[in-house]
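Visitor: I'd like to ask some things about the structure below.
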Amino acid sequence: PTRRSSDLGKFSAEDIIRQMPNEAKKFQAVDRNLRRIVDGAIKGPAVIEACTRGGQRTLDTLRDGNKVLDAVQKGLSDYLETKRSGFARFYFLSNDELLEILSQTKEVTAVQPHLKKCFEGVNRLEFHTSGKDVSASAMYSVEGECVVWPEHLKIKGNVESWLTDVEDMMRASLRYRLREATEDYLQKPRTQWVLDWAAQLVLAAAQYYWSIQVEEALQTKGNAGLKDYFEGKMLPQLEGLVELVRGRLSKLGSLTLGALITIEVHARDVIDNLITIGLSDTQDFEWISQLRYYWNNEEYCRKRASLPLFYLKGAGARGDDMTVQQIQACFIYGYEYLGNTPRLVITPLTDLCYITLTSAMHICLGGAPQGPAGT
C-alpha cells in the first residue's frame, strides 16, 4: 500500500477530513501501520530480516490495509463525484488536480493553475482581498488579454459554488461588454475601435454589423445596393485593416487583426459571389445560408432558439441577446470567453460544415467532423 497511500496523500488535508470523517479515520489507521513497518525497515535495513519481522501478522496487516484503502478510495471517488456534479467543469480535471483544489478551499488562489482546464479561455482571475473578504474583478486569457467584469464578484461558499458564480459572471460580462462594444462601434473610427476591445468582442460585433449592413443594402437597392456597399464600404474597411497591420502593433493587436482579416476576407468573397449571381433579396438561399449575427430581444430568442435561453444575473443583464443564425437554425451566442486566438482560413468546405452542423444542432442532433474538414 505504499504507492496507494501516496496517491491518497492529500486526503490528510483538514478540509477533506472534515467532509469525510469516517474515511479519514480509516486512512489514518492504515497510514500509521504503514509508517510503523517502514520505520522498522529503516532501522534494520537487512532485507530478509525486514521482510520477516512480525511474520504473518505483518503480511495480514498489509493485506487488510489494501482492503481498507479500497473502501477509502471508493468513498473518495463518491465524494469527488458530488463535487463534479456541483460544478460540471471539474470533469476536465484529474482526481489529483481536483483534490489539490479541495484540500486548499480556504486559499482561493489555489484554483488559479487549474482554471485553464476548466474554462476555454480563462487563464487566471484578478482577486482582491479586503480583510476576510475576497472578490474577483477581471479575467485574463493565456495571451494576457483582460476583460474587466461589470462588478466585483464576492468569493464565498464552497469552491464548486463560487466557481459556478465565476462561470455566470464570465457569461454576463461577455454579454455586457459585447453590447458596449457594439454601441462603441458607431462612436469611433473603425481602425481605432478594433484595437480598443477584446478580440472576441471585435469579431462578434464586426460580424453583426456586416450582417445588418448587407441586409440594409439589399432592402434599399437590391443587387445594386449590394454592389455599392461592397465597393464603397467593405473594401475600404478591409484596406484600413491592412494599413493597420503595416504599422506598429502590440502582440494582442496583431492577433486580433489576424483573426478579423481572416473573417473579413471570407465575407468579401461571399459578397463578391452574391453580386455575381445577382442576389437581390434577403430571403434568397445564398444569403440565409451564411452564418449571420444579430441582436434580438429575449422573446424572439425564446421562440426561435433551439437551445434553452440562458438567463444572466446581476450587472450583465440586458433586454436582448446576440443570436447566430443560418438557414432555419437560430442559436443564442454562448458568451464563453475564448481569449485572443487565431482563426483558420474559411473555405467553401468550411461553409458547408457550418451549414451541416448548425442544421444538425437545430434538430437536436450533433456532429463530429473528422479529417481535413474537422480541422
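Visitor: Report ³J(HN,Hα) in whole Hz for each residue of region 146-161, in order, from the Karplus equation J = 6.51 cos²θ - 1.76 cosθ + 1.60 where θ = phi - 60°; Gly and Pro get x.
Guide: Once θ is set to phi - 60°, the couplings for region 146-161 become 10, 10, 7, 6, x, 8, 6, 9, 6, 8, 8, x, 5, 4, 5, 6 Hz.
Visitor: For Lys74, which lysines qualify as cross-link partners when the Cα separation must be under 16 Å and same-chain residues fewer than eight apart are set aside?
Guide: Straight-line reach from Lys74, under 16 Å: Lys10, Lys25, Lys26, Lys83.
Visitor: Right, here's the next one. Taking loop as defined by DSSP and a crowding limit of 14 other beta carbons within 10 Å, which trypsin sites (Lys or Arg not before Pro) in region 96-178 fit?
Guide: Passing both the DSSP loop test and the Cβ count: Lys106, Lys132, Lys156.
Visitor: If you project the alpha carbons of region 160-251 onto their three principal axes, what span does each projection cover, largest first, in Å?
Guide: Dimensions of region 160-251 along the principal axes of its Cα atoms: 56, 36, 20 Å.
Visitor: When ligands, DNA and RNA are left out and all protein chains stay put, how many square angstrom of accessible area per residue does the chain have with a 1.4 Å probe?
Guide: With all protein chains present, the chain gives 53 Å² per residue.
Visitor: Working out 0.36 nm times the residue gap between Ala224 and Gln56, then minus their Cα-Cα distance, what length gain in nm do you get to one decimal?
Guide: That pair, Ala224 and Gln56, stretches by 51.0 nm at full extension.
Visitor: How large, in percent, is the carbon and sulfur part of the accessible surface of region 122-174 at a probe radius of 1.4 Å?
Guide: With neighbouring chains kept in place, the figure for region 122-174 is 44 percent.
Visitor: Whole-Hz ³J(HN,Hα) for each residue in region 334-344, computed from phi via Karplus 6.51 cos²θ - 1.76 cosθ + 1.60 with θ = phi - 60°, x for glycine and proline: what do you get?
Guide: Working through the residues one at a time gives x, 6, 8, 5, 10, x, 10, 10, x, 10, 6 Hz.
Visitor: Please report how far the C-alpha centroid of region 328-375 lies from that of region 151-189, rounded to the nearest whole angstrom.
Guide: What the calculation gives is 24 Å, centre to centre.
Visitor: Which one, (i) 26.7; (ii) 23.6; (iii) 24.8, gives Kirkwood radius over Cα pairs in Å as derived from the coordinates shown?
Guide: For Kirkwood radius over Cα pairs in Å, the calculated option is (iii).
Visitor: Another one. Taking Lys132 as the anchor, which lysines have their alpha carbon closer than 17 Å to its alpha carbon, excluding any fewer than eight residues away along the same chain?
Guide: Straight-distance partners of Lys132: Lys106, Lys154, Lys156.
The values are calculated or read from the model by the stated rules, or taken from the named source; none is laboratory data. This structure is a prediction, so every number in the text was calculated from the model and none was measured. Here the Cβ is made from the backbone with ideal geometry for all residues, glycine too, and neighbour counts use every protein chain on show. For the accessible areas, the whole protein counts, side chains as well, though only heavy atoms, and no ligand, DNA or RNA atoms are used. Shrake-Rupley method; radii C 1.70, N 1.55, O 1.52, S 1.80 Å.
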